[in-house]
């Protein structure tokens with residue numbers, strides 16, 4: 001089985017140009033004759049397809065998440081499920097049946113597996129869709145989208161990533177790029193798991209520096225090797241990012257200066273013709 005390089009493009013702060021960098025990297029690799037997949041894992045607000053002038057048509061696959069359902073005749077109101085839920089997605093008033101709070105539920109399955117009375121069963125629900133675009137020769141875009149109003153989108157990211165990896169094996173891709181959401185929450189964690197390394201996109205601003213530390217701490221906990229890409233490097237205080245790189249003993253791999261050409265191409269959905 002061919003070994004595929006798995007790279008995440010992420011960042012603690014929104015608006016640093018994470019998706020732009022993901023696309024520029026995909027363009028560069030494609031021009032180097034690599035067979036690549038760009039997977040947009042920002043399922044709550046995917047925009048890679050817009051930035052390269054594509055349209056999402058018919059979904060190729062739906063994503064589903066299993067949520068807990070209570071079988072009341074079997075329930076002894078013991079509270080084991082409540083105590084075991086790390087998401088605090090189960091509420092139980094004294095002497096009453098447990099109530100499942102779907103907005104907080106990650107669909108991990110612990111509650112129905114730990115219940116000694118088999119009073120909880122999984123119920124599958126559609127939570128999102130997956131799209132494929134053939135962008136050009138040896139270049140595919142896979143986009144995950146979450147159902148509107150869905151609070152916990154980690155399972156949608158997980159399913160999108162699983163589909164992308166399977167598709168990558170099928171076409172014998174060289175590289176798969178995972179464009180994550182901003183932040184350090186569950187959808188980002190799901191996208192970062194099991195990647196070979198991650199590019200952390202930041203900017204030379206106080207908020208950029210603060211959130212860079214957050215995503216660096218997360219990647220260290222997940223044991224994901226990291227490199228920094230400093231976007232809009234000629235604006236703001238670059239020394240703050242340089243200090244963080246020195247403190248964490250990691251490299252600033254690339255500095256991208258502010259470019260009106262890239263901004264114009266971004267706004268018109270024409271980033272397909274740019275690279276590093």
Within the stretch 94-138, residues in contact with a strand residue (DSSP E or B) (Cβ under 8 Å, 6 or more places away or on another chain) and either without any contact (Cβ under 8 Å) to a residue 24 or more places away in the chain or in a loop (DSSP other than H, G, I, E, B) (or both) come out as 97, 98, 99, 101, 105, 107, 109, 119, 134, 138
Those residues of the stretch 221-245 that are free of Cβ contacts under 8 Å to residues at least 24 places away in the same chain and within 21 Å of residue 185 (Cα to Cα) come to a total of 2
Considering only the stretch 41-53, I want to know if a residue exists there that is surrounded by fewer than 14 Cβ atoms within 10 Å (Cβ to Cβ) and free of Cβ contacts under 8 Å to residues at least 24 places away in the same chain. no
If we ask which residues in the stretch 3-12 are touching a helix residue (DSSP H, G or I) at 6+ places or on another chain (Cβ under 7 Å) and either assigned to a helix (DSSP H, G or I) or surrounded by fewer than 21 Cβ atoms within 10 Å (Cβ to Cβ) (or both), their number turns out to be 1
(1) more than 17 Å from the chain's Cα centre (by Cα); (2) surrounded by 15 or more Cβ atoms within 10 Å (Cβ to Cβ); (3) within 22 Å of residue 62 (Cβ to Cβ) all hold for residue 102 apart from (2)
Of (1) farther than 30 Å from residue 40 by Cα; (2) in the same structural domain as residue 34 (by TED's automatic domain parsing), residue 137 satisfies every one except (1)
If we ask which residues in the stretch 260-276 are farther than 17 Å from residue 16 by Cα, assigned to a helix (DSSP H, G or I) and under 24 Å from the mean Cα position of the chain (by Cα), their number turns out to be 1
| request: Assess whether residue 37 counts as being touching a strand residue (DSSP E or B) at 6+ places or on another chain (Cβ under 9 Å), under 11 Å from residue 179 (Cα atoms) and assigned to a strand (DSSP E or B). | output: yes
Would it be correct to say that residue 25 is within 19 Å of residue 175 (Cβ to Cβ), modelled with pLDDT of 95 or more and surrounded by 16 or more Cβ atoms within 10 Å (Cβ to Cβ)?
yes
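The values are calculated or read from the model by the stated rules, or taken from the named source; none is laboratory data. Computed from a prediction, not measured in an experiment: that's the story for all the values here. Backbone-built Cβ (ideal geometry, glycine too); neighbour counts: all protein chains shown.
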